[in-house]
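The values are calculated or read from the model by the stated rules, or taken from the named source; none is laboratory data. Quick caveat, the model's predicted, so the values are computed rather than measured. When we count neighbours, we look across all protein chains shown, and the Cβ atoms used for this are built from the backbone with ideal geometry, even at glycine. For accessibility, only protein heavy atoms count, side chains too; no ligands or nucleic acids. Shrake-Rupley method; radii C 1.70, N 1.55, O 1.52, S 1.80 Å.
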Amino acid sequence: MSLRFPKTSEFTGSLYAPSRFEGQIRDLEVEGQVPLDLRGSFVQVAPDPEYPPMLGDDIYFNGDGAVSAFRFIQGHVDFQRRYVDTARLLAQRKARRSLHGVYRNPFTNDPSVAGLSNSTANTNIVPFNGMLLALKEDSLPYAMDANSLETLGEWNFRDQITNTPFTAHPKIDPVSGALIAFGYEAKGIASRDIVCYEFDRHGIKTREVWIEAPYAGMIHDFAVTPNFVIFPLLPSTADLDRIRGGGRHFEWQPELDFRFGVLSRRAEAGDVRWFSAPNCFQAHVLNAYEEADGKIVLDMPMASGNIFYFFPQADGRTEQPETLKSELARWTLDPHASSDRAQVKTLFPWPCEFPRCDYRYVGQRHQHAFMLVMDPRLPYAEERIGPRPFQFFNQIAHLDLGSGHVDAWFSGDTDCFQEPTFVARSADSPEGDGYLIALLNHLAEGTTELIVMDTLRVQDGPVARIKLPLRLRMSIHGNWVSDPHADGLGVTSASD
Ligand code: V55
Ligand code: FE
């Protein structure tokens with residue numbers, strides 16, 4: 001019996017050929033010096049299908065979540081990788097084949113998995129309340145043991161929430177340790193309902209508010225400030241008839257405005273106001289904060305058209321990524337103004353993604369941004385590694401929004417960075433002072449390393465290269481989990 005992955009760009013090449021392994025490696029090879037004050041774990045998750053797609057082809061976003069953990073102990077780094085044991089993964093292991101069809105379309109799944117969670121748990125992994133939450137935005141979280149990466153099961157916060165979708169981008173309040181989250185399409189596929197939750201650091205639900213979006217678009221990330229939550233609504237919409245007919249979950253709408261829902265965190269009921277912006281693509285939030293005059297400032301990478309080519313518009317068309325104008329944008333939303341128009345200006349004029357702020361400043365005015373950049377002026381060895389794959393970024397950068405200075409590092413013409421994660425040098429180090437951790441794929445060699453950079457001198461390149469004897473498939477998001485016995489480094493899990 002043959003078992004073969006498709007020969008499409010989603011499943012081939014040095015970035016996207018599935019990795020498909022679980023295991024551990026003690027003491028990875030290290031070139032340079034791992035800073036001794038880095039104590040804790042870097043955890044991150046990749047979509048990585050265990051079985052070839054049931055329908056013959058699939059998109060990258062539909063792969064099974066595989067979690068990698070890098071544990072930093074006194075300058076040594078141990079590695080572990082384990083799949084999230086989702087209901088769908090366990091079912092397909094038993095059947096020895098994929099049982100799920102189109103991305104976020106349960107109508108196309110094999111009848112044997114009807115009623116099971118559709119989660120691939122492949123988008124983000126977040127420490128909370130002593131556990132790791134593996135997240136996919138169409139489903140409840142999966143809880144994992146932070147030490148063993150054993151899957152503990154679907155997590156509904158001890159029956160405090162119903163079986164709703166739950167964002168892959170919850171926010172942790174840096175002062176209280178509270179977790180703020182939401183779900184969209186929250187009353188069923190293609191519904192316009194949004195639910196917003198707040199949990200204290202012990203996981204006790206303190207708030208649940210329901211609102212409606214103007215259209216059933218994707219809300220991938222959001223922003224939280226002391227008084228508001230802000231939902232960026234992407235003009236990529238779901239339609240129940242299309243989905244029932246076996247079609248794709250999302251379709252790009254070039255005529256729809258981009259919207260920002262601003263919801264009060266104080267009002268009793270769903271006090272929401274929807275601001276409008278020109279049609280554009282935005283997925284990830286760097287950070288947001290409130291000005292003294294009450295205006296909300298929200299920074300996020302923006303593109304002039306649809307980046308998600310695998311969710312094309314109705315006629316099947318999609319734009320060539322090279323033709324889109326991309327930048328880091330700063331939006332201003334004024335809750336006191338009579339106009340619902342969002343104002344925008346450019347913070348950084350090149351394609352960039354995977355923005356990260358210093359997590360101690362979530363919801364507060366920030367000055368430092370870390371992100372990946374695609375600088376089209378730098379060399380790219382197409383003759384060696386083929387056309388540029390999806391999510392190819394050739395620089396890792398530190399942007400100082402105070403001075404406007406960009407400090408970036410280019411690794412080479414066949415190398416691609418994965419999302420950076422910031423770690424503070426110490427609990428009271430100044431904003432942005434610490435380390436950047438990121439995976440770096442060498443596409444020509446088919447190898448991956450974890451790099452550690454000093455945020456004060458990113459242009460000098462890594463202070464340590466932690467070498468894997470394996471290639472890791474392109475991943476999505478990760479976070480730093482501080483060692484509770486260390487001196488307060490990093491995002492402390494809320495149970496500490
Ligand atoms: C994103 C990723 C997803 C998804 C929806 O990066 C949006 C955005 C890995 O899965 O399902
Ligand atoms: Fe994301």
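Given a Förster radius of 25 Å and the C-beta distance between ASP400 and PHE310 as r, what FRET efficiency does 1/(1 + (r/R0)^6) yield to the nearest 0.05?
Efficiency, from the Cβ-Cβ distance: 0.10.
All other residues with a Cβ under 12 Å from the Cβ of ALA143 taken together, and with Lys, Arg as +1 and Asp, Glu as -1, what is their net charge?
Spelling it out: positives minus negatives among the neighbours equals -3.
So which trypsin sites (Lys or Arg not before Pro) in region 190-275 are both in a DSSP loop and have at most 11 other Cβ atoms within 10 Å of their Cβ?
ARG266
Sort out for me the Cα centre separation of region 302-351 from region 431-464, rounded to whole Å.
28
Among all lysine pairs in the chain that are eight or more places apart or on different chains, how many have alpha carbons less than 21 angstrom apart?
Total qualifying Lys-Lys pairs in the chain comes to 8.
Per the helix-only calculation at 222 nm, which mean residue ellipticity applies to the chain, given -39500 (n - 2.57) for every DSSP H run of n ≥ 4 and division by its residues, nearest 500 deg cm²/dmol?
It comes out at -1000 deg cm²/dmol, rounded to the nearest 500.
Output wanted: per-residue J couplings in Hz (rounded whole) for region 133-142, from phi through Karplus 6.51 cos²θ - 1.76 cosθ + 1.60, θ = phi - 60°, x for Gly and Pro.
Once θ is set to phi - 60°, the couplings for region 133-142 become 9, 8, 10, 9, 6, 8, 9, 5, x, 9 Hz.
In terms of modelled amide H atoms, which long-range or inter-chain residues lie less than 5 Å from the amide H of LEU149?
Those qualifying (amide H under 5 Å, at least 5 residues apart or on another chain) number zero.
Between region 193-264 and region 49-105, what is the separation of their alpha carbon centroids in Å?
25
Per-residue counts of other Cβ atoms within 10 Å, averaged by peptide: what ranking do you get for 375-386, 62-73, highest first?
Per-residue mean Cβ counts within 10 Å order the peptides as 62-73, 375-386.
Find how much the distance from ASP145 to GLU255 grows on full extension, using 0.36 nm per residue of separation minus their present alpha carbon separation; answer in nm with one decimal.
35.1 nm
Using the heavy atoms of the protein chains and a 1.4 angstrom probe, tell me the accessible area per residue for the chain in square angstrom.
Counting only protein heavy atoms, the per-residue value for the chain is 39 Å².
If we sort 156-168, 127-139, 307-319 on the protection proxy, mean other Cβ atoms within 10 Å, highest first, what's the order?
127-139, 156-168, 307-319
What is the distance, in nm, between label points placed 7 Å from the Cα along the Cα-to-Cβ direction at GLU291 and at THR447?
If labels sit at GLU291 and THR447, their model points lie 5.0 nm apart.
Tell me, what is the Rg over Rh of region 131-285, with Rh the Kirkwood radius over Cα pairs?
0.97
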